[in-house]
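Please read the structure below before turning to the comments.
The values are calculated or read from the model by the stated rules, or taken from the named source; none is laboratory data. Since we're looking at a predicted model, the values are computed, not measured. Positions of Cβ are backbone-derived with ideal geometry, glycine not excepted, and every protein chain shown enters the neighbour counts. Side chains are part of the model used for accessible areas, which takes the heavy atoms of the whole protein and leaves out ligands, DNA and RNA. Shrake-Rupley method; radii C 1.70, N 1.55, O 1.52, S 1.80 Å.
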Amino acid sequence: MSERFHDIAVTVNGEEVRERIDARLSLVDFLRATLALTGTHIGCEHGLCGACTVRLDGEVVRGCLTLAVQCDGARVDTIEGVSDSGEIADLQTAFQKRNALQCGFCTPGMLLTAQELLSRGGVPSREAIRDHISGNYCRCTGYQAIVDAIEAVAQQRAGARR
Amino acid sequence: MKIVDDNPPALTALDRPNSYIGRAVPRPNLARLTQGRAQYVSDVTLPRMAHVAFVRSSHAHARIKSIDTTTAKAMPGVIAVVTGAELSKVITPWVGVLTHLKGIKSAPQHAIAVDRACWQGEAVCAVVARSRAEAEDACEKVAVEYAPLPAVTDAETALDAATPVIHPDLGDNLTFERAHSAGDPDKGFAEADAVVETTFVFGRHTGVTNEARAIVADWNPGDQRLTVYQGTQAPHMMMNLFAKHLGLEEHQVRVVTKDVGGSFGIKVHTYADEMAAVALSKLLKRPVKFVADRFESFITDIHARDHRVKAKIGVKNDGTITAWEIDDLTGIGPYSVYPRTSGIEANQVVNLTGGPYTCPNYHARARVVFQNKNVMCQYRAVGHPIATAVTEGLVDLAAAKIGMDPLEIRRRNLIPDDAYPTSGPSGIKFEKLSHHESLAHLDAMMNYAGLRAEQARLRERGIHRGIGFAGFIEVTNPSAAFYGVGGARISSQDGATVRLDSTGAVFVHSGVTEQGQGAEAVLAQCVASAFGVPIERVRVITGDTDITPYGGGTWASRAGGIGGEAAWQAGKALRLNVLAVAGSILQAKPETLDIRKGVVVDAGTGTERLGLDELARIAYFRPDTLPAGIQAELVATRHYVPRAWPFAFTNGIQASWLEVDIKTGAVTLLKHWCVEDCGTVINPQLVDEQIRGGVVQGIGAALFEHCLYDARGQLLNGNMADYLVPMAYEMPDIEVGQVVTPTADSELGAKGAGEAGTAGAPGAVMNAINDALRPLGATPLTDMPFTPDKILRALGRLPS
């Protein structure tokens with residue numbers, strides 16, 4: 001076969017998967033179409049809306065701007081993984097309690113982006129929260145409930161650390 | 001910590017011992033959505049499923065001379081390449097007109113263009129392949145030869161004799177026209193001490209739902225049935241339309257709507273490419289999936305607004321408004337959208353302008369014209385943002401002219417709270433509104449006097465802040481007057497079926513749909529309260545035409561007020577059925593019993609008598625132990641439609657507090673307030689969040705969002721880098737207040753809340769910008785969106 005197809009091995013949510021993929025396949029299409037991990041969404045395919053946010057070797061990336069072939073040997077975490085592990089259970093509970101989602105389409109990306117901010121520790125200001133999630137488009141909520149929920153979890157986690 | 005605890009408020013007449021009405025109950029479906037376990041249509045995969053991509057016209061208007069599909073058909077993975085002419089043998093065209101919009105006309109629209117493309121982006125050929133990527137690859141190999149035709153793009157000249165007529169059979173480019181005169185506008189203007197006249201412009205924008213439109217159509221020749229998974233707001237409406245245009249009976253069609261990634265009115269219309277996907281499934285006898293990409297969304301999702309309103313107000317020196325006049329012109333693309341038509345928004349502008357005020361002297365004209373741009377149709381708050389900004393913009397300009405405070409002029413002209421029932425200047429009927437109470441609430445909530453003092457202090461330091469108000473009315477809970485009377489098979493009634501299962505839990509099937517606004521939570525609250533079980537014991541099922549009662553779906557802020565009332569009544573009916581059985585088991589009169597927290601109790605004392613699990617066990621498994629003649633009926637269905645009033649109008653008022661940087665023209669939003677009266681509040685948190693989301697959508701229209709076309713009808717910014725949407729950093733915190741005036745048309749008394757935010761926000765932001773700039777001698781800004789360049793021009797810092 002030409003160089004169009006590549007064998008990759010990726011650790012997705014802790015499980016190693018081996019697939020032969022088309023070089024042009026994006027990470028988000030790999031996750032959704034090849035692995036049926038549909039919790040990661042496609043919004044704009046231009047890296048602007050943040051619906052496809054996933055973690056690649058611990059860093060938040062756009063699944064639509066990353067090629068699957070780039071992920072050979074890497075670790076990818078999606079919303080399914082961080083849900084099952086319980087890593088963001090407090091954020092998920094706060095989002096539910098505060099109704100920080102309506103249609104829910106942006107929510108997986110929003111949660112991973114929020115977790116990235118909160119993993120830095122401390123209690124970020126509302127302005128810092130708004131700044132950090134400004135690459136994640138939500139058409140439903142107007143963002144305030146999302147900011148409230150993230151702020152509440154930051155305070156909870158800071159309280160727990162004391 | 002701003003998470004509100006779920007504490008029940010004071011009891012109301014609707015309160016039963018375990019009532020959930022008025023409580024911030026979390027939505028039952030949220031856990032799934034936060035875990036990536038939703039099922040949006042874009043997630044649906046079926047055996048043998050193929051994917052369709054479309055070749056779309058690169059011209060705004062062109063004759064299709066030829067389509068050569070030979071190369072495309074030979075591409076890897078391609079299953080079929082189908083032109084409009086070929087597909088028209090499977091699906092008939094449609095015409096978007098309604099009989100109650102007198103004189104409205106449109107031309108037949110095909111699923112795929114036949115002979116002629118009428119806007120840039122109209123599908124001219126379909127490619128079906130094993131994957132979307134392969135379908136797109138083959139689209140590039142379809143050779144379409146076009147003969148460009150003159151494009152009609154400017155609504156202002158669309159009716160000129162020199163302008164080509166887009167559909168020659170129609171005679172001209174006029175879709176619809178309405179004129180309305182009430183009171184004595186000439187006398188009103190003659191009596192005015194001041195007359196203010198201006199032109200408001202509302203740029204075209206669009207919904208940008210986070211999940212694009214998506215559909216999976218599955219024609220099964222074995223069953224002779226079509227199953228369509230579609231992110232739609234109106235499953236029964238779509239069932240009818242698929243059947244009608246594919247030559248099927250309605251019972252042969254099932255529409256399934258699971259999770260939907262945002263709707264806002266975008267997903268309540270008939271889209272040619274979705275109709276094509278369904279027809280292709282019928283043609284190819286296998287499932288076909290279409291998911292619009294973001295480019296396709298921008299050039300084919302309905303656009304909204306695009307109105308130019310010349311407007312005039314007369315006012316006396318004491319603040320009395322003496323007359324209104326508007327002349328609205330809107331361009332709607334080449335076709336009136338099916339089946340709701342593209343005449344409704346202009347019609348609403350005529351209906352709603354001046355609506356909150358007592359002045360009866362009103363003259364209005366609205367014209368709707370065809371043009372070679374993407375189609376335009378109903379989007380969240382249809383017509384309201386235009387009517388509200390025009391009305392409230394005029395009121396502020398009048399106040400400035402006579403030197404009166406903007407809240408004071410409103411106090412002097414708003415319909416008094418004790419004047420109901422009454423009508424607006426267009427003849428719209430109001431059951432009961434609360435303009436003055438809402439205004440007083442807003443005044444206190446925002447500390448208006450304090451804010452004015454702060455504004456003056458900062459002004460001395462060269463900081464220019466503005467306060468803007470927008471009072472509004474909102475059409476909710478529509479009766480058949482909206483669409484049914486015009487001949488559209490769009491249900492205004494809705495139903496709920498409630499079933500007690502064999503363990504004492506309750507299933508609710510409802511005809512309204514869930515798009516994230518929280519309809520399923522509201523339905524669960526209504527049934528849990530009316531029937532008498534803990535809300536955790538209620539499971540809600542929506543979005544499946546095979547199993548839900550026939551209904552209208554979710555649009556025009558109807559899910560809570562109409563779907564909720566049906567669910568409330570169904571819950572009550574099931575309680576009576578269950579108590580009849582309980583009475584027979586307990587040898588008690590049913591009227592002495594009640595159901596509370598899932599247990600049959602003595603109504604008077606609350607003493608527990610029989611668990612619903614035990615009752616259900618007897619009824620389902622040991623009915624032989626019930627007395628002869630007792631048949632347990634553990635299912636109840638009720639329907640509801642508003643009858644006393646054509647619409648349940650709501651009202652409210654918003655305020656915006658913002659700062660304008662006069663060097664850059666940038667606007668910083670500091671705070672936004674909204675007081676709204678949507679009648680009985682079933683779930684205060686969900687109402688607040690509808691308002692907040694709606695306000696931000698309105699802010700997008702006021703400051704950022706604009707579908708920019710060039711003179712040839714080419715969309716210049718059809719992507720999310722160039723088309724700006726509100727993001728978190730630019731948005732303010734929004735404080736929401738509630739005034740409660742229930743409608744007497746239903747027992748719940750709930751009106752809708754889905755569109756009020758979007759209705760009022762653009763006008764409030766506009767008035768705030770002008771309030772900030774007025775002392776600087778700026779020309780009032782009336783052309784949305786208010787981008788920095790327009791602000792600098794108004795200030796004379798850029799040449800106009």
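Here is how the numbers come out for the structure above:
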quantity	calculated
Cα gyration tensor, the protein assembly as shown - rounded (a/c under 1.5), prolate or oblate	rounded
For residue B:142, net neighbour charge (Lys/Arg +1, Asp/Glu -1) across residues whose Cβ lies under 14 Å away	-3
For segment B:253-259, Karplus couplings with θ = phi - 60° (6.51, -1.76, 1.60), whole Hz, Gly/Pro x	10, 10, 10, 10, 10, 9, 6
Percent of beta bridges antiparallel (DSSP, segment B:256-389, rounded to nearest 5)	50 percent
Solvent-accessible ranking of B:225, B:130, largest area first, probe 1.4 Å	B:130, B:225
Accessible-area ranking of B:415, B:585, largest first, probe 1.4 Å	B:585, B:415
Rounded to the nearest 10 Å², the accessible area of residue A:161 at probe 1.4 Å	140 Å²
Average Cα contact separation per residue, chain B, under 8 Å, 6 or more apart, as relative contact order %	15 percent
Summed residue charge, Cβ within 13 Å of residue A:20's Cβ, Lys/Arg positive, Asp/Glu negative	-3
For segment B:383-518, alpha-carbon Rg over 2.2 N^0.38 Å	1.56
Set of lysines near residue B:73 by C-alpha distance (under 25 Å), chain-local residues within fewer than 8 positions excluded	B:65, B:89, B:141, B:282, B:285, B:289
Stokes-Einstein diffusion coefficient of segment B:182-248, Kirkwood radius over Cα pairs, 37 °C, 0.692 mPa s, in µm²/s	188 µm²/s
Percent of alpha-carbon pairs separated by more than 44 Å within chain B	30 percent
For segment B:75-166, Kirkwood radius (reciprocal of mean inverse C-alpha pair distance, Å)	15.9 Å
Dimensionless Rg/Rh of segment B:596-707 - Kirkwood Rh, Rg from C-alpha atoms	1.30
Rounded Å value of the spacing that divides the Cα centres of segment A:1-49 and segment B:687-720	32 Å
Residue B:671 accessible area, 1.4 Å probe, all protein chains in place, Å² to nearest 10	60 Å²
Spread of Cα-to-Cα distances over 10 Å intervals beginning at zero, given as percent, for segment B:474-513	24, 34, 23, 15, 3
Segments B:545-552, B:427-434, B:696-703 sorted - mean Cβ within 10 Å per residue, highest first	B:696-703, B:545-552, B:427-434
Coordinate range along principal axes, alpha carbons of segment B:280-415, Å, largest first	71, 24, 23
Linear extension gain, residue B:710 paired with residue B:621, 0.36 nm per residue minus alpha-carbon span	24.9 nm
Chain A pair-distance distribution - Cα-Cα, 5 Å bins, rounded %	2, 9, 18, 21, 19, 13, 9, 5, 2, 1, 0, 0
³J(HN,Hα), Karplus 6.51/-1.76/1.60, whole Hz, each residue of segment B:536-541, x for Gly, Pro	5, 8, 10, 10, 10, 10
Restraint check, B:267/B:751; B:373/B:429; B:401/B:432, Cα-Cα greater than 30 Å	B:373/B:429; B:401/B:432
Long-range HN-HN contacts of residue B:600 with modeled amide H, under 5 Å	B:609, B:610, B:611, B:612
Stokes-Einstein D in µm²/s, Kirkwood radius over Cα pairs - segment B:447-521 at 4 °C with 1.567 mPa s viscosity	71 µm²/s
Cα centroid separation, segment B:16-54 to segment B:306-349 (Å)	37 Å
Gyration tensor (alpha-carbon) shape descriptor, segment B:273-357, a/c threshold 1.5	prolate
Quarter of Cα convex hull surface for segment B:1-152, i.e. mean projection, nm²	18.1 nm²
Cβ charges +1 (Lys, Arg) and -1 (Asp, Glu), total dipole of segment B:116-259, debye	820 debye
For segment B:638-681 versus segment B:228-295, the gap between their alpha-carbon centres in whole angstrom	32 Å
Alpha-carbon gyration tensor eigenvalues x 5, square-rooted, for segment B:635-700, Å	37, 13, 11
Ratio of the Cα radius of gyration of segment A:88-161 to 2.2 N^0.38 Å, where N counts its residues	0.97
Spread of Cα-to-Cα distances over 5 Å intervals beginning at zero, given as percent, for segment B:627-668	5, 10, 9, 7, 7, 8, 7, 7, 8, 7, 7, 4, 4, 3, 3, 2, 1, 0
Hull shadow area, averaged, segment A:34-79 [alpha-carbon convex hull, nm²]	3.1 nm²
Computed magnitude of the charge dipole of chain B (debye, nearest 20; Cβ of K, R +1, Cβ of D, E -1)	1000 debye
B:187, B:316, B:751, ranked by accessible area, largest first (probe 1.4 Å)	B:187, B:316, B:751
Long-range amide H partners of residue B:307 with built H, under 5 Å	B:202
Accessible area (Å², 1.4 Å probe, nearest 10) - residue B:181	80 Å²
Per-q log10 I(q)/I(0), segment A:5-82, q = 0.12, 0.25 Å⁻¹ (Debye; single scatterer per alpha-carbon; no solvent)	-0.26, -1.23
Karplus (6.51, -1.76, 1.60) ³J(HN,Hα), θ = phi - 60°, over segment B:626-633, in Hz, Gly and Pro reported as x	7, x, 4, x, 9, 10, 6, 10
Chain B: DSSP helices with Cα axial extent of at least 24 Å and average Kyte-Doolittle hydropathy no lower than -1.0	B:384-402, B:564-586, B:684-703, B:756-773
Stretch gain in nm, segment residue B:224-residue B:451, where the contour uses 0.36 nm per residue and the Cα spacing is subtracted	75.1 nm
Peptides ranked, highest mean first, by Cβ atoms within 10 Å: ranges B:490-501, B:635-646	B:490-501, B:635-646
Gaussian network model of chain A, springs between alpha carbon atoms under 10 Å - residue of A:127, A:80, A:16 with greatest fluctuation	A:127
Lys/Arg +1, Asp/Glu -1 at C-beta; the protein assembly as shown dipole; positive extreme among B:756, B:334, B:449	B:334
